[in-house]
Amino acid sequence: MKKNLLIVIDSLGSGGAEKSLINLLGFIDYDRVEVDLLMFGRGGINEEYLPCEVNVLPTLAPEVPAGFLKRVAFLVKKYVYSAFLRIAPPKTANDDTRRIWRFFSSDYPSQPKTYDVAFAYAQRLPSIYVAEKVNASNKYTWMNVTIHHSVELQKYYDRYLSKFNKVICVSDVVRQSFIKCYPHLQHNTETIYDIVNPEFITALSQKECTVEMTDGVINILTVARLNFEQKGYDILIQVCNELKQRGLSFHWNILGDGKDKEKIKSMISSLGLEDCISLLGTVANPYPYFKKSHIYVQTSRYEGYGLSIAEARLLNIPVVTTAYDCVDLQIKNGINGIITSYEIADISDAIEKFVGDSDLYKEIADNLSKEKKGNIEEFKKIQKLIGY
């Protein structure tokens, strides 16, 4: 008999968790597992890569209750929620999650089907929903970034996290940060790295790139959500300005979208960097951009793992990255990339070093080409969770 698996995720946008899920779904044996996918939002650019065997359920949203008085109460609630968003916008994603659940928890429908296994493939709302609204014999939730929860947040999330058989962390660094906040759940944690499928990525990298790379210059690439706090775009733009001031001939392409897009555009404009940096938005297939770039640069302040760096490594693109907390899981400084401090000059020096030292660039590119590609063995851990 087939196993029934439910996977809940916010959407299939361009983030690392979303790409990891697409890779995971590519390895499932659909003769043995029936997969339902439940999302809070549709239209994400990675939806086109969903295996045809995956059953996509109707989008998850609060339902208008039956009965006149209940409908009126629901509409009032929506109005108050919208007013709160305008008057006091949430400061963090956790604030947003708690507010949504406080207003609409009773209006989100429970899943009518009973599952063998349920995955909340992201923290926050997917985790809460699976904990509260899904009936499954085994439940697992994913932690995709390092956790730094206040005591108040710990008390809030503990009531949901304690309902899972295991908390799956995408790196040992994420696991240690989680255990620090929730030491009583230590024995219910496991590390499973984001799955990278080399055949899938290599095949997609051979497709046509929709944007012409600038000839005769160093093409730099960053693939990351447009977010100052985590992804360090304030640092990135200052590095771009520094390189321009130094007279380096380069063009920096950025793939991604996010809440800080207008702030980033304003910063680029104020520094007069429009001629050397391009915001290209999100694309379903970023891999031809990797293939045509000379250097991949990451300026993150923290990551759960760093899937875009893994993708650059897989395609043998030398990496310059800041020293975020788990960077050494992937990059060995001077061997398969360069790790720098967060200082603008240090990052700029590292990029210039790649440009000016062709022997170092070739050595690192050669080292990348000899690395083991992908981590398909991580899927065996997923198989064990599903039970086949």
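The values are calculated or read from the model by the stated rules, or taken from the named source; none is laboratory data. None of these values were measured; they are calculated from a predicted model. Cβ sites come from the backbone with ideal geometry, for glycine too, and all protein chains shown count toward neighbours.
Quick check: is even one residue across the range 186-208 assigned to a helix (DSSP H, G or I) and of a type in the set (Lys, Arg)?
no
Checking GLY272 against (1) part of a loop (DSSP other than H, G, I, E, B); (2) small (Gly, Ala, Ser); (3) under 23 Å from ASP349 (Cα atoms); (4) in contact (Cβ under 8 Å) with a residue 12 or more places away in the chain: exactly one of these is not met. Which one?
(4)
Among (1) assigned to a loop (DSSP other than H, G, I, E, B); (2) of a type in the set (S, T, N, Q); (3) touching a Phe, Trp or Tyr at 6+ places or on another chain (Cβ under 7 Å), which single condition is GLN154 missing?
For GLN154, the exception is condition (1).
Taking the condition of being assigned to a strand (DSSP E or B) and either surrounded by 21 or more Cβ atoms within 10 Å (Cβ to Cβ) or in contact with an Asp or Glu (Cβ under 8 Å, 6 or more places away or on another chain) (or both), how many residues in the range 1-36 meet it?
Residues meeting the conditions: 8.
Only one residue in SER20, SER82, SER14 is over 23 Å from PRO198 (Cα atoms) and out of contact with any strand residue (DSSP E or B) (no Cβ under 6 Å at 6 or more places or on another chain). Which one?
Exactly one of SER20, SER82, SER14 is over 23 Å from PRO198 (Cα atoms) and out of contact with any strand residue (DSSP E or B) (no Cβ under 6 Å at 6 or more places or on another chain), namely SER82.
Which count do you get for residues in the range 79-102 that are without any contact (Cβ under 8 Å) to a residue 12 or more places away in the chain, over 26 Å from the mean Cα position of the chain (by Cα) and part of a helix (DSSP H, G or I)?
Qualifying residue count, the range 79-102: 5.
Checking the structure you have, find out if any residue of the range 159-179 is closer than 27 Å to GLY281 by Cα and either assigned to a loop (DSSP other than H, G, I, E, B) or in contact with a helix residue (DSSP H, G or I) (Cβ under 7 Å, 6 or more places away or on another chain) (or both).
Within the range 159-179, one or more residues are closer than 27 Å to GLY281 by Cα and either assigned to a loop (DSSP other than H, G, I, E, B) or in contact with a helix residue (DSSP H, G or I) (Cβ under 7 Å, 6 or more places away or on another chain) (or both).
Here's a check for you: in the range 120-139, which residue that is in contact (Cβ under 8 Å) with a residue 24 or more places away in the chain and either among the β-branched types (Val, Ile, Thr) or part of a strand (DSSP E or B) (or both) is nearest to VAL8 (Cα to Cα)?
That would be ALA120.
Within the range 319-345, restricting attention to residues that are touching a residue at least 60 places away in the same chain (Cβ under 8 Å) and more than 11 Å from TYR305 (Cα to Cα), which residue is surrounded by the most Cβ atoms within 10 Å (Cβ to Cβ)?
Looking at residues that are touching a residue at least 60 places away in the same chain (Cβ under 8 Å) and more than 11 Å from TYR305 (Cα to Cα), I get THR322.
Looking at LYS353, LYS372, can you tell me which residue is over 28 Å from PHE27 (Cβ atoms) and out of contact with any Ser or Thr (no Cβ under 7 Å at 6 or more places or on another chain)?
Every option except LYS353 fails the conditions.
Please determine, by comparing only the residues of the range 48-77 that are of a type outside the set (A, V, I, L, M, F, W, C) and in contact with a helix residue (DSSP H, G or I) (Cβ under 8 Å, 6 or more places away or on another chain), which one is modelled with the lowest pLDDT.
Across the range 48-77, the extreme among qualifying residues is PRO65.
Mind checking which residues of the range 370-388 are under 25 Å from the mean Cα position of the chain (by Cα) and touching a residue at least 24 places away in the same chain (Cβ under 8 Å)?
GLU371, LYS373, GLY374, ASN375, ILE376, GLU378, PHE379, LYS381, ILE382, LEU385, ILE386
Every residue in the range 103-119 that is in contact (Cβ under 8 Å) with a residue 12 or more places away in the chain and either in a helix (DSSP H, G or I) or surrounded by fewer than 18 Cβ atoms within 10 Å (Cβ to Cβ) (or both), please.
The answer is PHE103, PHE104, SER105, ASP107, PRO109, SER110, LYS113, THR114.
Among the residues of the range 346-367 satisfying the criterion of being among the charged types (D, E, K, R) and touching a residue at least 12 places away in the same chain (Cβ under 8 Å), which is surrounded by the most Cβ atoms within 10 Å (Cβ to Cβ)?
Applying the filter and picking the extreme gives GLU352.
Looking only at residues in the range 368-385 that are surrounded by fewer than 16 Cβ atoms within 10 Å (Cβ to Cβ) and either of a type in the set (Asp, Glu) or touching a strand residue (DSSP E or B) at 6+ places or on another chain (Cβ under 8 Å) (or both), which one is nearest to LEU5 (Cα to Cα)?
Result: LYS381.
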